[in-house]
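Working notes, structure below.
Please treat every number below as a calculation from the coordinates, not as lab data. Computed from a prediction, not measured in an experiment: that's the story for all the values here. Positions of Cβ are generated from backbone atoms using ideal geometry, with glycine treated the same way; all protein chains shown enter the neighbour counts.
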Amino acid sequence: MDIKIGYEISYNCFQPTPMMLMLNVHHTRVNDMYAPDIMSTNPVVPITGYRDAFGNWCSRIVAPAGLITITTSTTVRDSGLPDRVVPGASQVPVEQLPDDVLVFLLGSRYCETDRLSDIAWSLFGGYAPGWERAQAIVNYVHYHIKFGYQNARATRTAWEAFNEQIGVCRDYAHLAVAFCRCMNIPARYCTGYLGDIGVPVSADPMDFSAWFDVYLDGDWYTMDARNRIPRIGRVLIARGRDATDVAISNVFGPNALMRFKVWTDEVKTP
């Protein structure tokens, strides 16, 4: 299937303001795009890019004082297959994990493994290590948190989401990631496009989505505590330890978000 993706984001800056933007499709999906998702700005400003420590593509601009709009649009080929489900995937002992995977066992800004470890072992210690335990974590988080865009808060951590029992997709992902790490399952936070493909169309405005990957049996598998069931049409933008590493924008000065529009639509063929 083909999926049309893109965004239009506007900021009002009160002075010339440096920005770091993480809005390009991940390099693992570049070959699936019919055309590059080239970022454009109005007014036009120079854009430079670099690859961060997790392999994500980042762009740098200096926005002038006043309104600036950042946009792109392209179409992506997708297999149309749902997320892989491998119930027999086993857990890799910590001492056998690759060196570059170990960082995804550690606590991070939004995933406080130190505060959640005892809780995690009490909740999930009885499940078989591997897929069964990871799926138990997904199921628990899915039902523990009540979703609502009115509940969004950029500073909410996994510990706070656990106690407040409310949040949005990033909070589901943070809590599930933290629980997985507590149970010695490497987990990394992901962000990208996820449209209402193969599921009832939501009345909520489209947004970027958050999910996570777990490392089992020597491979990474996608899981999603917000949606719980395998989904079709994910288009990855970035992945890292938590939302700190994959923020769509870091703005280094006073500003106001004026417009935020994201689209992820299956292209219907006649």
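Annotations
- Cα-based helix-to-principal-axis angle, 169-182 vs the chain, degrees rounded to 10: 40 degrees
- Each peptide in 88-101, 149-162, 132-145 was scored by the mean count of other Cβ atoms within 10 Å over its residues; highest first, the order is 132-145, 149-162, 88-101.
- Degrees, to the nearest 10: 131-144 long Cα axis against longest axis of the chain: 60 degrees
- The simple spin-label model puts a point 7 Å past each Cα toward its Cβ; for F147 and V251 those points are separated by 2.7 nm.
- Answer label for Cα extents along the principal axes in Å (calculated), chosen among (i) 57, 47, 38; (ii) 48, 45, 40; (iii) 52, 51, 51: (i)
- Using the Cβ-Cβ distance between F14 and A53 with R0 set to 30 Å, the FRET efficiency from 1/(1 + (r/R0)^6) comes to roughly 0.45.
- Pairwise label distance in nanometres, H27 with S73, each label 7 Å out on the Cα-Cβ vector: 2.9 nm
- With neighbour counts taken as other beta-carbon atoms within 10 Å, the residues S249, S209, S40 rank, fewest first, as S40, S249, S209.
- Counted by Cβ distance under 14 Å from W211, the other residues give a net charge of +2, where Lys and Arg count +1 and Asp and Glu count -1.
- Between W121 and V85, the C-beta separation translates, for a Förster distance of 25 Å, into a calculated FRET efficiency of about 0.50.
- The relative contact order of the chain comes to 30 percent, based on Cα pairs under 8 Å that sit 6 or more residues apart.
- Amide H to amide H distances under 5 Å link R259 with S10, where only residues 5 or more positions off or on other chains count and H is placed in the peptide plane.
- Among beta bridges identified by DSSP and lying wholly in the range 94-232, the antiparallel ones come to about 85 percent.
- Sorting K261, K146 by the number of Cβ atoms found within 10 Å of their own Cβ, with the fewest placed first, yields K146, K261.
- Distant-in-sequence amide H partners of A63 (H built 1.01 Å from N, under 5 Å): T17, M19
- The Cβ shell under 10 Å around Y149 holds other residues with a net charge of -2, Lys and Arg each +1, Asp and Glu each -1.
- Neighbour-limited loop hits for chymotrypsin sites (Phe, Trp or Tyr not before Pro), the range 33-93 (at most 12 other Cβ within 10 Å; DSSP other than H, G, I, E, B): Y34
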